[in-house]
1. If you build a Gaussian network model of the chain, linking Cα atoms that sit under 10 Å apart, which residue out of A30, A46, A22 swings the most?
2. Taking a probe of 1.4 Å, how large is the accessible area per residue of the stretch 23-69, in Å²?
3. In degrees from 0 to 90, rounded to the nearest 10, what is the angle of the helix 2-22 Cα long axis to the longest principal axis of the chain?
4. If you count only protein heavy atoms and use a 1.4 Å probe, how large is the accessible surface of T31, to the nearest 10 Å²?
5. Can you send over the carbon and sulfur percentage of the accessible area for the chain, probe radius 1.4 Å, protein chains only?
6. At what distance in nm do the modelled label points of D2 and T74 sit from each other, each positioned 7 Å from its Cα along Cα→Cβ?
7. What accessible surface, in Å², does a 1.4 Å probe find on S56, ignoring ligands, DNA and RNA and rounding to the nearest 10?
8. Quick one: angle between helix 59-84 and the longest Cα principal axis of the chain, in degrees between 0 and 90, rounded to 10, please.
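The values are calculated or read from the model by the stated rules, or taken from the named source; none is laboratory data. Please read these numbers as outputs of a predicted model, since none were measured by experiment. Cβ coordinates were reconstructed from backbone atoms using ideal geometry, including for glycine residues, and neighbour counts include every protein chain displayed. Only protein heavy atoms, including side chains, enter the accessible area calculation; ligands, DNA and RNA are left aside. Shrake-Rupley method; radii C 1.70, N 1.55, O 1.52, S 1.80 Å.
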Amino acid sequence: MDIGLFLLVLGLVGSVLGGWVALDVRGSAATLERWGEANAELRRHARGDLGPATRSGSVALYRYIGTAMGLGGTVLTLAGLAMVL
């Protein structure tokens, strides 16, 4: 019963957060892209590399990852429900 509740909660959190990014609610995927580029730029400057920026991920990539996370969360939620019931 305990593992079922754990899977249920973990699945719900994964579904909500993955869906939030996959559906790009309030520009969350674009925010993740800007955050990743800013961190990559800080790492390059720390190494002393002042060359042109390289793209680490795009909005579409973050939306695909969010979709996979949402689907995985749905599977975990269903597994948790099956164990609890």
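1. Among A30, A46, A22, the largest GNM mean-square fluctuation belongs to A46.
2. For the stretch 23-69, the per-residue accessible area is 75 Å².
3. On a 0 to 90 degree scale, this one is about 40.
4. Number for this one is 70 Å².
5. Summing carbon and sulfur atoms, their accessible area is 71 percent of the total for the chain.
6. Result for the modelled spin labels: 3.1 nm.
7. So the heavy atoms of S56 present about 70 Å² to solvent.
8. 20 degrees
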